[in-house]
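Input: a single structure, listed below in structure tokens.
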Amino acid sequence: AISLKTVGYNLRSSGYKTGDVKKIKTVGRTSSNRVKEILVEHSKGVLWLRSNRFRMAMNPNILRSTNFTVKIKNGVAYFRGHGWGHGVGMCQWGAKGMAENGWNYKKILKHYYRGAEIINEGQ
């Protein structure tokens, strides 16, 4: 949970010119259920942000993923999320677990990057 005052402070500290935050809305979802954009209504207008920029402004150690919902109650934004990061590419922890279970690098890369071809340069 983050107070709306803190949300506004974090946005201003990240260079966004916002007033007092009134509402936060998620807009659209990706195929992996991640939020596409955030609409922040504030006393000076409206701010549209890509979800990962919002996540970075809030602190990625607090808002760990772009797969979240938000509800506001009594001046506090309650975020409920799943996972880590932006949801694109290889998960370092997943790859580590696969390697620990005997998967080689080619099998791991093929799992995360379906359809990609692995070639050795210079051969």
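For the stretch 39-57, the set of residues classified as crowded, with 18+ Cβ neighbours inside 10 Å, touching a strand residue (DSSP E or B) at 6+ places or on another chain (Cβ under 7 Å) and under 16 Å from Gly19 (Cα atoms) consists of Val40, His42, Leu47, Leu49, Phe54, listed by residue number. Where residues in the stretch 41-62 are at pLDDT 95 or above and in a loop (DSSP other than H, G, I, E, B), which of them is farthest from Ser3 (Cα to Cα)? Applying the filter and picking the extreme gives Lys44. For the condition at pLDDT 95 or above and either in contact with a Ser or Thr (Cβ under 8 Å, 6 or more places away or on another chain) or assigned to a loop (DSSP other than H, G, I, E, B) (or both), what is the one hit in Lys5, Lys22? Criteria check complete, one pass: Lys22. Which pairs do you get when a residue that is more than 18 Å from Arg50 (Cβ to Cβ), found in the stretch 1-25, comes within reach of a residue that is surrounded by 14 or more Cβ atoms within 10 Å (Cβ to Cβ) and among the small types (Gly, Ala, Ser), reach meaning Cβ atoms under 7 angstrom, with the pair 6+ apart or on two chains? As it stands, the answer is Ala1/Ala77; Ile2/Ala77; Leu4/Ala77; Asp20/Gly8, since those pairs meet every condition given.
Candidates in the stretch 1-38 are the residues that are among the polar types (S, T, N, Q) and out of contact with any helix residue (DSSP H, G or I) (no Cβ under 8 Å at 6 or more places or on another chain); of these, the one that is surrounded by the most Cβ atoms within 10 Å (Cβ to Cβ) is Thr6.
Residues in the stretch 58-70 that are buried (at least 16 other Cβ atoms within 10 Å of the Cβ) and within 9 Å of the chain's Cα centre (by Cα): Leu63, Arg64, Ser65, Thr66, Asn67, Phe68. Looking at the stretch 13-30 only, could you name the residues that are more than 22 Å from Lys73 (Cα to Cα) and of a type outside the set (Gly, Ala, Ser)? Tyr16, Lys17, Arg29, Thr30, listed by residue number.
The values are calculated or read from the model by the stated rules, or taken from the named source; none is laboratory data. If you're wondering where the values come from, they're calculated on a predicted model, not measured in any experiment. Please note: Cβ atoms are built from the backbone with ideal geometry, for glycine as well, and neighbour counts cover all protein chains shown.
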